[in-house]
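**Student:** Attaching a single structure in structure tokens format; questions to follow.
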Amino acid sequence: MSATDAKSLVNRYLDAWFLVTKRFDTQIREKVGQTITTDQFCALRLIHEKPACTPSDLAELLCVGKSSITALVNKLADRNLVHRTGDERDRRVIYLTLTDMGLQIYRETELEIQNVLEPYLKHFTPEAVQNFIESFEKLAALLTQEEGLEKQ
């Protein structure tokens, strides 16, 4: 691929990414912003999906520092959405789980986000959606693996 082609593709990607991200973030915030932020929702989702999730796990999965995670977890705990449990063998280890209220907010927010995104997906074939998501997941995997760029 020539440098000109690569630059054009990168610019197209950036233009589309910016527009899609801004518009979806705005629509999602309008629907769920009074209840929970998108960062808080992502944290609840990851805690729900990862058994024995620790704040360190959460920091790694959300690509943020541990101090940011501490503030986020404190907010979620203060709102009674997350429960902290100490490890019986190592008191330094804390596990995060959703409270009943946290699970309810997570599920309600997940449904609202689905309702925001679903009407747009109807404009694509199921195969096109699957291909897009698989390509995006591949990009995400390459970004998280140092050897991903080295293989090129």
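The values are calculated or read from the model by the stated rules, or taken from the named source; none is laboratory data. Everything numeric here is computed off the predicted structure, so don't read it as measured data. Note that each Cβ is placed from the backbone with ideal geometry, even for glycine, and that neighbours are counted across all protein chains shown.
**Student:** Filter segment 86-105 for residues that are acidic (Asp, Glu) and modelled with pLDDT under 95; which is nearest to the chain's Cα centre (by Cα)? Write out each step before concluding.
**Tutor:** Within segment 86-105, the first condition is being acidic (Asp, Glu), and the residues that meet it are 87-88, 90, 100.
Adding the requirement that they be modelled with pLDDT under 95 leaves 87-88, 90.
Values: ASP87: 26, GLU88: 30, ASP90: 29 Å.
Looking at residues that are acidic (Asp, Glu) and modelled with pLDDT under 95, I get ASP87.
**Student:** Can you pull out the helices (runs of 4 or more DSSP H) entirely within segment 1-77 that have at least 2 residues that are farther than 23 Å from GLN114 by Cα? Spell out the reasoning first.
**Tutor:** Working: elements: 3-32, 38-49, 55-62.
Qualifying helices (runs of 4 or more DSSP H): 3-32, 55-62.
**Student:** Quick one: in segment 78-120, of everything that is among the aromatic types (Phe, Trp, Tyr) and in a helix (DSSP H, G or I), which residue is surrounded by the most Cβ atoms within 10 Å (Cβ to Cβ)? Outline the logic, then answer.
**Tutor:** Step one: of segment 78-120, the residues among the aromatic types (Phe, Trp, Tyr) are 95, 106, 120.
Within this subset, residues satisfying the condition of being in a helix (DSSP H, G or I) are 106, 120.
Working: TYR106: 20, TYR120: 13.
Going through the qualifying residues, I end up with TYR106.
**Student:** Residue check: is ALA43 surrounded by 12 or more Cβ atoms within 10 Å (Cβ to Cβ), within 16 Å of the chain's Cα centre (by Cα) and either modelled with pLDDT under 95 or closer than 27 Å to THR21 by Cβ (or both)?
**Tutor:** Numbers: surrounded by 12 or more Cβ atoms within 10 Å (Cβ to Cβ): yes; within 16 Å of the chain's Cα centre (by Cα): yes; either modelled with pLDDT under 95 or closer than 27 Å to THR21 by Cβ (or both): yes.
Yes, satisfied.
**Student:** I'd like to check something: does segment 127-136 contain any residue that is within 25 Å of LEU14 (Cβ to Cβ), among the β-branched types (Val, Ile, Thr) and surrounded by fewer than 11 Cβ atoms within 10 Å (Cβ to Cβ)? Give the steps one after another, and end with the answer.
**Tutor:** Let us first name the residues in segment 127-136 that are within 25 Å of LEU14 (Cβ to Cβ), namely 128-136.
With among the β-branched types (Val, Ile, Thr) added as a condition, the list becomes 129, 133.
Subsequent filtering for residues that are surrounded by fewer than 11 Cβ atoms within 10 Å (Cβ to Cβ) retains 133.
Taking every residue of segment 127-136 in turn, at least one turns out to be within 25 Å of LEU14 (Cβ to Cβ), among the β-branched types (Val, Ile, Thr) and surrounded by fewer than 11 Cβ atoms within 10 Å (Cβ to Cβ).
**Student:** Something else about it: For residues that are closer than 22 Å to THR109 by Cα and in contact with a strand residue (DSSP E or B) (Cβ under 8 Å, 6 or more places away or on another chain), tally how many sit in segment 66-98.
**Tutor:** 10
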